[in-house]
């Protein structure tokens with residue numbers, strides 16, 4: 001029981017632009033308000049956390065997650081409010097802290113940060129950073145961020161930002177610490193970096209078998225032992241969609257997933273997605289698409305295999321009907337989460353693993 | 001057929017380098033991995049993720065095997081001193097990925113494949129392009145024994161038939177069907193922006209993705 005009580009279930013959105021009841025694409029502003037409504041529903045139904053990603057592109061409405069989260073903060077009670085991710089490489093750790101500390105105040109301590117390098121790069125030219133520096137930028141800024149989060153005077157020097165000498169950063173939070181994780185996509189160095197600073201790990205598993213991350217979790221833990229840091233909190237973030245039946249879920253998700261994938265792929269040199277690859281990903285790998293029972297079984301299998309203590313489902317990829325997204329959230333909260341808890345409780349070995 | 005050398009050196013300890021090390025270990029190879037700096041930086045990753053592989057300096061690792069797989073960001077290929085690879089068979093598993101490499105005019109040459117750029121830099125090595133088109137997670141998930149149904153294919157582009165054969169054996173050992181597509185210049189058809197990029201399919205399907213490869217590129221290699 002201990003596991004199911006401490007386990008966190010999240011929903012993640014990038015602010016994809018949905019279509020309204022008439023099949024018309026919403027505006028960016030409408031898409032942002034839609035996410036607020038979804039978060040309110042998720043809060044009401046007891047979802048633990050909502051995480052909003054930062055993008056600077058036409059197809060995603062959220063470029064400033066913490067501003068949207070601030071809107072959500074004043075209309076919700078319990079749900080944790082996270083970024084997913086904050087692209088730290090092209091941001092300023094001091095400003096990131098200030099914004100999230102403000103969110104933390106507005107939400108009575110519910111702010112969370114997930115730091116990442118991001119898999120999109122539009123923010124680099126936008127804010128005047130060189131892509132070729134991305135490794136150095138992230139390394140230095142994580143180091144500074146780790147200091148700023150201590151909420152003590154900060155003294156820091158580096159090459160990517162001017163130095164700080166005993167700087168106090170405000171506002172201070174009431175708890176003294178904003179919950180901050182690092183999101184990684186499978187680069188071993190990123191995993192070690194998270195352990196080095198003692199940040200919880202969020203694994204972004206957007207394709208392929210989740211089991212392949214088992215050695216990375218081992219790497220995180222062993223690195224934590226070497227650095228003497230806490231590595232007990234590990235989460236996973238994967239895309240999915242839930243409808244009343246498997247057929248309906250696939251029918252809604254497939255065209256939208258394809259539009260999403262192909263739009264992103266065209267800038268990266270991926271050929272258009274083929275149906276058989278989508279089906280394979282749904283059947284075997286990391287697309288959690290189907291009826292509540294199908295998705296719950298798949299989530300429980302992954303959670304048990306990896307021994308993680310947080311699962312965030314990324315929802316709403318592509319121009320999906322807003323109604324279908326809301327229904328998905330309802331099914332996730334009222335059917336999938338209780339069923340996953342049940343499946344985890346049935347399984348014996350799990351509580352020791354995720355404690 | 002060339003005698004299979006069971007040592008393999010991998011330059012690059014990122015996502016792709018680690019997966020290739022894992023596959024080669026499983027296939028019974030002795031594996032040497034080098035990152036960009038001191039082996040201390042990658043030792044823990046290699047020990048935990050690819051137990052049994054050896055983390056070495058670049059100079060040390062490149063001495064241990066006649067086959068060297070380059071699995072570092074393409075933008076950094078010139079950080080490997082070319083003398084270290086003199087006389088070696090070099091497998092180019094790299095792609096121009098502007099999101100990592102930055103916007104690089106020198107890597108976006110519409111006239112030649114990036115593998116030809118790599119070959120002209122390593123002018124005392126023999127470069128074969130392979131293991132570049134399939135995503136690293138599919139490489140790990142999709143290995144199958146020889147003759148298994150729907151065994152996935154990896155394309156090979158190289159100028160020397162004997163070298164191509166050695167790389168074909170390596171690919172076969174790792175768990176994939178090798179598919180010879182032609183000379184090194186044909187490697188362009190495996191790069192981002194082409195249908196075969198990202199391909200995780202069997203040999204016949206992969207061949208069908210290369211339907212627009214001009215016959216001159218696919219001409220028999222010597």
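The values are calculated or read from the model by the stated rules, or taken from the named source; none is laboratory data. Keep in mind the model is a prediction, meaning the values are calculated, not measured. In this analysis, Cβ positions are derived from the backbone assuming ideal geometry, glycine residues included, and neighbour counts consider all displayed protein chains.
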Inset, instruction - From A:42, A:31, grab the single residue that is buried (at least 17 other Cβ atoms within 10 Å of the Cβ), at pLDDT 95 or above, touching a helix residue (DSSP H, G or I) at 6+ places or on another chain (Cβ under 7 Å) and part of a helix (DSSP H, G or I). - result: A:42
Inset, instruction - Specify the residue that is nearest to the other protein chains (Cβ to nearest Cβ); the eligible residues are those in the range B:1-34 that are more than 13 Å from residue B:173 (Cβ to Cβ) and assigned to a strand (DSSP E or B). - result: B:33
Legend entry - Condition check for residue B:16: out of contact with any strand residue (DSSP E or B) (no Cβ under 6 Å at 6 or more places or on another chain), under 22 Å from residue B:164 (Cβ atoms) and crowded, with 23+ Cβ neighbours inside 10 Å: yes
Legend entry - Neighbours by Cβ (under 6 Å, 6+ apart or cross-chain): first from the range A:230-256, touching a residue at least 12 places away in the same chain (Cβ under 8 Å); second assigned to a strand (DSSP E or B) and surrounded by fewer than 19 Cβ atoms within 10 Å (Cβ to Cβ): none
Inset, instruction - Kindly indicate whether any position in the range B:74-82 is away from chain A (no Cβ under 14 Å), buried (at least 18 other Cβ atoms within 10 Å of the Cβ) and closer than 19 Å to residue B:168 by Cα. - result: no
Inset, instruction - Restricting attention to the range A:45-74, report how many residues are without any contact (Cβ under 8 Å) to a residue 24 or more places away in the chain and either within 20 Å of residue A:259 (Cα to Cα) or not in a helix (DSSP H, G or I) (or both). - result: 3
Inset, instruction - With the condition kept exactly as written, say whether any residue in the range A:232-244 is outside any helix (DSSP H, G or I), at pLDDT 95 or above, more than 14 Å from every other protein chain (Cβ to nearest Cβ) and more than 21 Å from the chain's Cα centre (by Cα). - result: yes
Legend entry - Residue that is farthest from residue A:278 (Cα to Cα) [pool: residues in the range A:186-204 that are within 9 Å of chain B (Cβ to nearest Cβ) and not in a helix (DSSP H, G or I)]: A:187
Legend entry - Sole exception among (1) touching a strand residue (DSSP E or B) at 6+ places or on another chain (Cβ under 6 Å); (2) part of a loop (DSSP other than H, G, I, E, B); (3) more than 22 Å from residue B:117 (Cβ to Cβ) for residue B:37, by number: (1)
Legend entry - Residue satisfying condition, being exposed (fewer than 15 other Cβ atoms within 10 Å of the Cβ), at negative phi and facing chain B (nearest Cβ under 9 Å), within set A:218, A:174, A:168: A:218
Inset, instruction - Among residues belonging to the range A:299-317 that are at pLDDT 95 or above and part of a loop (DSSP other than H, G, I, E, B), point out the one that is farthest from residue A:33 (Cα to Cα). - result: A:307
Legend entry - Only listed residue being out of contact with any strand residue (DSSP E or B) (no Cβ under 6 Å at 6 or more places or on another chain), touching a residue at least 12 places away in the same chain (Cβ under 8 Å) and within 14 Å of chain A (Cβ to nearest Cβ), chosen from B:94, B:134: B:134
Legend entry - Among (1) in contact (Cβ under 8 Å) with a residue 24 or more places away in the chain; (2) within 22 Å of the chain's Cα centre (by Cα) - the single one residue A:343 does not satisfy: (2)
Legend entry - Number of positions in the range A:104-119 that are surrounded by 19 or more Cβ atoms within 10 Å (Cβ to Cβ) and within 14 Å of chain B (Cβ to nearest Cβ): 3
Inset, instruction - Identify all residues within the range B:40-73 that are surrounded by fewer than 19 Cβ atoms within 10 Å (Cβ to Cβ), more than 10 Å from chain A (Cβ to nearest Cβ), in contact with a helix residue (DSSP H, G or I) (Cβ under 9 Å, 6 or more places away or on another chain) and part of a helix (DSSP H, G or I); write none if there are none. - result: B:59, B:63
